[in-house]
């Protein structure tokens with residue numbers, strides 16, 4: 001049996017170092033990890049990573065993420081950087097089941113300039129989605145855990161000060177604090193506390209202001225980039241932390257097939273234990289992004305304020321499944337943020353106006369937090385299968401480019417008959 005995926009085989013000898021994800025049997029995981037550590041100790045890679053020009057040519061990112069192995073025991077996986085000549089040797093070890101290419105992953109904003117652009121705050125989007133009424137009825141996400149796997153959160157901002165901060169990349173310099181702004185923006189949409197911009201007078205509030213938000217930094221390095229293995233590690237952290245919902249506003253182009261995609265096992269495990277996995281479908285119009293394209297993931301596309309599917313929102317089919325599953329507001333969204341994503345007030349760095357499926361997804365994740373609370377209090381469970389049934393009943397027939405359509409909280413209320 002060939003243990004290298006075709007994606008990995010195609011690029012293997014094009015460069016001297018190759019980032020891989022090694023999947024093993026459960027029994028062999030610790031032994032294979034030791035073998036890789038002995039075969040490729042970090043000191044062996046240092047001559048490569050000292051030359052920043054070489055690294056830039058090699059992978060286009062700084063050297064820090066490259067020399068640290070990522071251990072993911074829940075999924076029997078190890079992320080490692082291997083000299084290409086040693087990949088076959090690792091693949092031949094007893095207990096190794098498959099080697100995947102460990103690809104770069106990016107946050108998925110599609111930024112628009114502020115000047116002359118009609119924007120909408122999260123205070124207004126939650127009204128349009130029926131979530132503000134849900135909050136007034138007591139469905140605020142209380143008791144629901146939402147894990148946001150992204151660039152971290154900057155807790156100096158009042159709307160997200162209550163967010164718990166963790167990192168999946170501590171050995172790569174990650175502290176959990178957001179220097180990019182993407183993760184802060186997403187967390188604020190999901191569960192940011194009510195806030196009024198003192199300069200512009202605009203009000204914002206997250207969909208589920210009482211939800212327990214946990215930020216897990218999986219991207220960073222100044223520009224919102226990470227490795228696939230870092231994201232999978234973040235999913236492991238979320239599952240172990242008891243996540244009810246995971247938000248993934250990130251991605252990379254889909255793999256040729258499910259067998260090539262290392263996310264597949266991780267997200268299926270999350271769904272199996274009852275977690276709702278919500279992801280941006282991508283900003284490449286006719287090209288889907290993973291993990292949003294995976295069948296078990298709730299993929300979210302973007303619409304404008306007027307309800308038209310955004311021109312950049314990805315759409316299509318993957319593994320026989322139409323994506324996105326639903327759409328939500330993702331154009332010119334105004335919310336609190338910091339760093340590179342801050343576009344409205346460079347002096348105080350408080351907020352930004354941003355577009356992308358990255359910001360449609362947290363609208364849905366926050367809405368689902370409110371719905372999960374409502375279902376629990378009525379003795380029901382809202383899992384992936386029930387979510388699909390709700391969409392079938394109250395959305396339109398699933399289609400490209402908007403799935404079941406613009407999702408509303410009313411769908412979940414009607415399903416319960418309350």
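Every residue in the stretch 218-266 that is part of a helix (DSSP H, G or I) and over 17 Å from residue 71 (Cα atoms), please. Break it down into steps so the answer makes sense when it comes.
Here is the first cut: in the stretch 218-266, the residues part of a helix (DSSP H, G or I) are 228-240, 258-260, 263-266.
Listed by number, the residues that qualify are 258, 259, 260, 264.
Filter the stretch 282-306 for residues that are in a loop (DSSP other than H, G, I, E, B) and in contact with a strand residue (DSSP E or B) (Cβ under 6 Å, 6 or more places away or on another chain) and give the result. Reasoning before the result, please.
Of the stretch 282-306, the ones in a loop (DSSP other than H, G, I, E, B) are 282-283, 285-286, 288, 291-297, 304-306.
Passing the criteria: 282, 288, 291, 292, 293, 295, 297, 305.
For the list (1) surrounded by 20 or more Cβ atoms within 10 Å (Cβ to Cβ); (2) modelled with pLDDT under 95; (3) assigned to a loop (DSSP other than H, G, I, E, B), I need the number of the one condition that residue 335 fails.
(3)
Among the residues of the stretch 8-42, which ones are over 16 Å from residue 79 (Cα atoms) and in contact with a helix residue (DSSP H, G or I) (Cβ under 7 Å, 6 or more places away or on another chain)?
Looking only at the stretch 8-42, we keep the residues that are over 16 Å from residue 79 (Cα atoms), and these are 9-11, 13-16, 27.
13, 15, 16 - these are the residues of the stretch 8-42 that are over 16 Å from residue 79 (Cα atoms) and in contact with a helix residue (DSSP H, G or I) (Cβ under 7 Å, 6 or more places away or on another chain).
For a quick check of your reading of the model, give me the residue pairs whose first member lies in the stretch 28-41 and is surrounded by 15 or more Cβ atoms within 10 Å (Cβ to Cβ), whose second is in a helix (DSSP H, G or I), with beta-carbon atoms closer than 8 Å and at least 6 apart or on different chains.
Final answer for the pair search is 29/73; 32/90; 35/90; 36/90; 39/86; 39/89; 39/90; 40/86.
Going residue by residue through the stretch 256-276, is there one that turns out to be in contact (Cβ under 8 Å) with a residue 40 or more places away in the chain, within 18 Å of residue 315 (Cβ to Cβ), surrounded by 24 or more Cβ atoms within 10 Å (Cβ to Cβ) and within 13 Å of the chain's Cα centre (by Cα)?
The answer is no, given that none of the residues of the stretch 256-276 is in contact (Cβ under 8 Å) with a residue 40 or more places away in the chain, within 18 Å of residue 315 (Cβ to Cβ), surrounded by 24 or more Cβ atoms within 10 Å (Cβ to Cβ) and within 13 Å of the chain's Cα centre (by Cα).
The rows are residues; the columns are (1) closer than 25 Å to residue 123 by Cα; (2) in contact with a strand residue (DSSP E or B) (Cβ under 6 Å, 6 or more places away or on another chain).
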{"position": "360", "(1), (2)": "yes, yes"}
{"position": "366", "(1), (2)": "yes, no"}
{"position": "371", "(1), (2)": "yes, no"}
{"position": "374", "(1), (2)": "yes, no"}
{"position": "379", "(1), (2)": "no, no"}
{"position": "386", "(1), (2)": "no, no"}
{"position": "393", "(1), (2)": "no, no"}
{"position": "399", "(1), (2)": "no, no"}
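Among the residues of the stretch 8-27, which ones are in a loop (DSSP other than H, G, I, E, B) and farther than 19 Å from residue 232 by Cα?
Hits for the stretch 8-27 are 15, 16, 27.
Among the candidates 383, 332, which residue alone is farther than 25 Å from residue 182 by Cα, assigned by TED's automatic domain parsing to the domain that holds residue 132 and in contact (Cβ under 8 Å) with a residue 60 or more places away in the chain? Quick ask: steps written out before the conclusion?
Values: 332 fails: farther than 25 Å from residue 182 by Cα.
Just a single option satisfies the conditions, and that option is 383.
What residue, of 406, 354, is in the same structural domain as residue 118 (by TED's automatic domain parsing) and surrounded by 23 or more Cβ atoms within 10 Å (Cβ to Cβ)?
Exactly one of 406, 354 is in the same structural domain as residue 118 (by TED's automatic domain parsing) and surrounded by 23 or more Cβ atoms within 10 Å (Cβ to Cβ), namely 354.
Report yes if residue 124 is more than 18 Å from residue 362 (Cβ to Cβ) and either in contact with a helix residue (DSSP H, G or I) (Cβ under 6 Å, 6 or more places away or on another chain) or surrounded by fewer than 24 Cβ atoms within 10 Å (Cβ to Cβ) (or both), otherwise no.
On the way: more than 18 Å from residue 362 (Cβ to Cβ): no; either in contact with a helix residue (DSSP H, G or I) (Cβ under 6 Å, 6 or more places away or on another chain) or surrounded by fewer than 24 Cβ atoms within 10 Å (Cβ to Cβ) (or both): yes.
No; evaluated as a whole, the condition is false for this residue.
Give the stretch 357-380 a look and list any residue that's more than 22 Å from residue 186 (Cα to Cα) and either buried (at least 17 other Cβ atoms within 10 Å of the Cβ) or not assigned by TED's automatic domain parsing to the domain that holds residue 155 (or both), or say none. Steps first, please.
Going through the stretch 357-380, the residues more than 22 Å from residue 186 (Cα to Cα) turn out to be 374-380.
Scanning the stretch 357-380 gives 374, 375.
I want to confirm something. Restricting to the stretch 199-218 and keeping residues that are at pLDDT below 95 and in contact with a strand residue (DSSP E or B) (Cβ under 6 Å, 6 or more places away or on another chain), which single residue is surrounded by the most Cβ atoms within 10 Å (Cβ to Cβ)? I'd like the intermediate steps shown before the answer.
Residues of the stretch 199-218 that are at pLDDT below 95, as a first pass: 199-203.
Going one step further and asking which of them are in contact with a strand residue (DSSP E or B) (Cβ under 6 Å, 6 or more places away or on another chain), we end up with 202-203.
Working: 202: 20, 203: 14.
Applying the filter and picking the extreme gives 202.
Could you please let me know if residue 235 is crowded, with 23+ Cβ neighbours inside 10 Å and at negative phi? Step through it out loud before you land on a result.
Values: crowded, with 23+ Cβ neighbours inside 10 Å: yes; at negative phi: yes.
The answer is yes for residue 235.
The values are calculated or read from the model by the stated rules, or taken from the named source; none is laboratory data. Please read all numbers here as calculations on a predicted model, not as lab measurements. Cβ sites come from the backbone with ideal geometry, for glycine too, and all protein chains shown count toward neighbours.
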